[in-house]
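Everything on this sheet refers to the single structure shown next.
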Amino acid sequence: MGKLASDIFDILDLGGRIFKNREVLRYSYIPDTLPHREREIMNIASILITSLEGHTPSNIMIYGMTGTGKTVVSKLLMKALQEKSEMMDSKVQKSFFNVDSTFLGDDIAAAFSTLSIVLDFDEIYGNELARILHKPVKCIYINCQQMDTQYRVMTQIANRLAPLKEEDRLPVSGLPIDEVHCRVLEKFDSSNSLIIIFMDEIDRLIYKSGDDILYTLTRINEELQKSKVSIIGISNNLRFLDYLDSRVRSSLGAEELIFDPYNANQLRDILTHRAEEAFYSEAIDHDVISYCAAIAAQENGDARKALDLLRVSAELAERDHSPRLSVIYVKQAQKKIEMDRVTQVVRTLPLQTKIVLYSILQQKIGGRIKTTTKEVVETYSFYASKMDLTVLGRRQVVNLMNELDKLGLIQTKVISFGRHGRTTVVEANVPGTEIINNLHNGILSKLKGIKPRMLYTTTF
Ligand SMILES: Nc1ncnc2c1ncn2[C@@H]1O[C@H](COP(=O)(O)OP(=O)(O)O)[C@@H](O)[C@H]1O
Ligand SMILES: [Mg+2]
């Protein structure tokens, strides 16, 4: 038995010549260097650094489209700031408790020269004051997308502030909001620190639950005695501040920073760094990176898409037991990613809309690549009745077609036939056979094998 198991892994191992370290391409991975974000990192760091001197940094708003590195830059800064603060903290603590007086002076000196506080302070007022002056910095990261109420955000912030015993944690629901507010204030103050809250995807929260939470958080310093709070808001929507109350707007947007989309060259540098860590150098063709970068640059300069493409390409090459990752696999990966996206969108469509799309695709694979609204309505009616559903009227079908158009699954265009009038030409943007097969295997299994009548002759 033992022999058999080890043989199996020997065989599986044959595929493993490409990946040196898979983790590097995962979303959770935070690389040590972030090419082409040096300026943004410096800008934010120069605002946050005041926290190490015991001052409250201005609130900051960071904007940018998806995949421009907002989250990863924030996490890197958080980590660096937290580490720096802890290091300074331990220096202050050490000097406070250290019995060996020869080291005592040095430690305090070192800690406070970084803190840029005049050294005489220490000598004149003693270590006790040094300890009081030095407030630790505590960073909290909240992804607002997963939180839909003010209550949840407040309790999350409070609960993450310190690793608390179970009985000290605020319940995720059930308390009156005023009570939560008081308890949060208490926790903030008892931590005696500078609290920097990174609120990622902050725009999502506001759409869901309004801006009360931001009003509360941007005013909270007025109520705190020993701690202070700064907020770093991160938004995909550039017009986010327009949705807010003017008082919140001026406080939250005290500093603003925009992350521009990456161009192809920048994406190439980003991918090159990651690829060096992720793959064996001899396992990847030289043109793979540029190819992935070029494709992602066309799609809004999204680094996430570029990394996804590289990861999926490598997985396909590996599954193929190929010793090398070549552009062929990138092309396959591109198709796979697009197909996965489309399948996902189609899966979430309402049944009637699915049938409208199905009708257009049946016409497509029957050779009628461009069709008309009239033909779609007829084919749809045929299939809807086969499914024993209410057959919707022309106007409703046109509405559903507009929905499909908005999702990018089909394309509709009005063309004029001169004095013969105008007609709407409909064309599917997605592969017919795969989607039809998916639908046959799911909710439209009843329609398997039923071909539409197709006697259409209009040409375009
Ligand atoms: N400059 C960069 N260098 C290295 N990796 C990057 C860089 N910018 C973005 N990434 C990577 O691209 C992906 C998307 O970045 P992310 O920070 O999540 O974007 P956003 O939050 O703006 O949508 C992540 O995997 C991230 O690690
Ligand atoms: Mg993000």
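The values are calculated or read from the model by the stated rules, or taken from the named source; none is laboratory data. From a predicted model like this one, the values you see are computed outputs, not experimental measurements. Ideal geometry is used to build each Cβ from the backbone, glycine not excepted, and the neighbour counts take in all protein chains shown. These accessible areas exclude ligands, DNA and RNA; they are computed on the full protein's heavy atoms, side chains included. Shrake-Rupley method; radii C 1.70, N 1.55, O 1.52, S 1.80 Å.
Think of the chain as a dipole: +1 on every Lys or Arg Cβ, -1 on every Asp or Glu Cβ, centred on the Cα centre; then among Gly367, Pro323, Gly253, Gly367 lies furthest on the positive end. In this Cβ point-charge picture (+1 for Lys and Arg, -1 for Asp and Glu), the chain has a dipole of about 3160 debye about its Cα centre. Listed values for segment 289-304 are Karplus-derived 3J(HN,Hα) couplings in whole Hz (6.51 cos²θ - 1.76 cosθ + 1.60, θ = phi - 60°), namely 4, 4, 5, 4, 5, 5, 5, 5, 5, 5, 9, 6, x, 8, 5, 5, and x replaces Gly and Pro. Both the radius of gyration and Dmax for segment 165-230 are 12.8, 33 Å, in that order, over alpha-carbon atoms.
Does segment 349-447 classify as rounded, prolate or oblate by the C-alpha gyration tensor (a ≥ b ≥ c root eigenvalues; a/c under 1.5 gives rounded; else a/b over b/c gives prolate, otherwise oblate)?
Numbers: a/c = 1.88, a/b = 1.50, b/c = 1.25.
Judged from the Cα gyration tensor, segment 349-447 comes out prolate (a/c at least 1.5, a/b above b/c).
What does the net charge come to around Leu455 if you take all other residues with beta carbon closer than 15 Å to its beta carbon, with K and R at +1 and D and E at -1? Each step should come with its number before you reach the end.
Numbers: positive: Arg368, Lys374, Lys451, Arg453; negative: Glu375, Glu378.
Combined, the nearby Lys, Arg, Asp and Glu give +2.
In percent, what relative contact order does segment 349-447 have, based on Cα pairs under 8 Å that are 6 or more apart in sequence? The normalised contact order for segment 349-447 reaches 33 percent. Using every pair of distinct Cα positions in segment 350-401, the Kirkwood expression returns a hydrodynamic radius of 10.7 angstrom. Above 21 Å, the calculated P(r) of segment 262-344 contains 21 percent of its Cα-Cα pairs. Kirkwood radius, the chain, all distinct C-alpha pairs, inverse of mean reciprocal distance: 27.0 Å.
Surface exposure of the chain, expressed per residue as accessible area with a 1.4 Å probe, stands at 53 Å². Per residue, the average separation of C-alpha pairs within less than 8 Å and at least 6 apart gives segment 229-342 a relative contact order of 23 percent.
Only bridges with both residues in the chain count here: give the DSSP antiparallel percent, nearest 5. Could you put the intermediate results ahead of the total?
Numbers: 11 of 34 bridges.
Beta bridges within the chain, antiparallel portion: roughly 30 percent.
Couplings for segment 180-187, taken from phi via the Karplus curve 6.51 cos²θ - 1.76 cosθ + 1.60 with θ = phi - 60°, read 4, 4, 4, 5, 5, 4, 4, 5 Hz in order; Gly and Pro are left as x. Database remark: amide H of Ile232 closer than 5 angstrom to the amide H of Ile60, Ile197, Phe198, Met199 (H placed geometrically; neighbours at sequence offset of 5 or more, or on other chains; Pro and chain starts carry no H).
Defining a contact as two alpha carbons under 8 Å apart and six or more residues distant in sequence, what relative contact order in percent does the chain show? Intermediate results must be reported in sequence, preceding the final value.
Details: 602 pairs, mean separation 78.9, N = 460.
RCO, the chain: 17 percent.
Carbon-plus-sulfur accessible fraction, segment 349-447 (probe radius 1.4 Å, protein heavy atoms only): 50%. The calculated 222 nm mean residue ellipticity attributable to helices in the chain amounts to -16500 deg cm²/dmol, summing -39500 (n - 2.57) over DSSP H runs of n ≥ 4 and dividing by all residues.
Grab the other residues whose beta carbon is less than 11 angstrom from that of Ser51, score K and R as +1, D and E as -1, and report the net.
Details: positive: Lys84, Lys135, Lys138, Lys228; negative: Glu53.
Around Ser51, the surrounding residues sum to +3.
Close amide H pairs (under 5 Å, H built 1.01 Å from N) link Cys139 with Ile196, residues at least 5 positions away or on another chain. Kirkwood-type hydrodynamic radius, segment 314-360: 12.6 Å, calculated from all non-identical alpha-carbon pairs.
If Lys and Arg each add +1 and Asp and Glu each add -1, what is the summed charge of the other residues whose beta carbon sits under 12 Å from the beta carbon of Lys84? Please report the intermediate quantities before stating the final value.
Details: positive: Lys79, Lys91; negative: Glu53, Glu83, Glu86, Asp89.
Within the 12 Å Cβ shell, the charges total -2.
Using the Karplus relation 6.51 cos²θ - 1.76 cosθ + 1.60 with θ = phi - 60°, the per-residue 3J(HN,Hα) values for segment 413-425 come to 9, 8, 10, 9, 9, x, 6, 7, x, 10, 9, 9, 9 Hz, with x marking Gly and Pro. Applying both filters, DSSP loop and at most 16 other Cβ atoms within 10 Å, to the GluC sites (Glu not before Pro) of segment 296-354 gives Glu299. For Phe259, the residues whose modelled amide H falls within less than 5 Å of its own, excluding neighbours fewer than 5 places apart on the same chain, are Tyr63, Gly64.
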